[in-house]
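Structure, as structure tokens:
The values are calculated or read from the model by the stated rules, or taken from the named source; none is laboratory data. Small disclaimer: the values here were computed from a predicted structure and weren't measured. FYI the Cβ positions are ideal-geometry reconstructions off the backbone, even for glycines, and counts take in every protein chain you see.
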Amino acid sequence: MPIGALRHRLVLEKDRKTDDGAGGLAVETADAGTVWGRIRPLRPPRGGWVGSAPRCTHEIVLRSSAATEDISAFRDGGRRFRVLARSLDESGRWQIFQTEIMP
């Protein structure tokens, strides 16, 4: 993949758990930096989505050197993408994220 394909400036988001004061935890989202990436929409499987399984709607690709430990979501302008899975391509140069667009 040519480096020019990474044309979306993405904000990395991490979930941060804090004490809610009532014995539980509150989850807050914090920005963890910005990276350049490729966003590719995915088609639903034949027959549509089954049940309430997570719907992988977009694939996001970043360089493997990007620090993405514990990333829970990406933000591209007004769109947010929740991370469902992460893997490396066969060359080890690219991180591939399966994501779901969030309302």
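On the given criteria, is Ala73 aliphatic (A, V, I, L, M) and modelled with pLDDT under 85?
For Ala73, the condition - aliphatic (A, V, I, L, M) and modelled with pLDDT under 85 - is not met.
Could you tell me whether segment 60-67 includes any residue that is at pLDDT below 90 and under 11 Å from the mean Cα position of the chain (by Cα)?
The initial filter retains those residues of segment 60-67 that are at pLDDT below 90, namely 64-67.
Next, from what is left, pick out any that are under 11 Å from the mean Cα position of the chain (by Cα): none.
Checked segment 60-67: no residue is at pLDDT below 90 and under 11 Å from the mean Cα position of the chain (by Cα).
Counting only residues that are of a type in the set (S, T, N, Q) and either in a strand (DSSP E or B) or in contact with a strand residue (DSSP E or B) (Cβ under 6 Å, 6 or more places away or on another chain) (or both), which one in segment 69-101 is surrounded by the fewest Cβ atoms within 10 Å (Cβ to Cβ)?
Ser87
Just name the residue that is modelled with the lowest pLDDT out of those in segment 1-50 that are under 22 Å from Phe97 (Cβ atoms) and among the small types (Gly, Ala, Ser). First the steps, then the outcome.
From segment 1-50, those under 22 Å from Phe97 (Cβ atoms) are 1-17, 27-45, 49-50; that's our starting set.
Add one more test, that the residue is among the small types (Gly, Ala, Ser), and what stays is 4-5, 30, 32-33, 37.
On the way: Gly4: 83, Ala5: 87, Ala30: 87, Ala32: 89, Gly33: 91, Gly37: 95.
For segment 1-50, the residue satisfying everything is Gly4.
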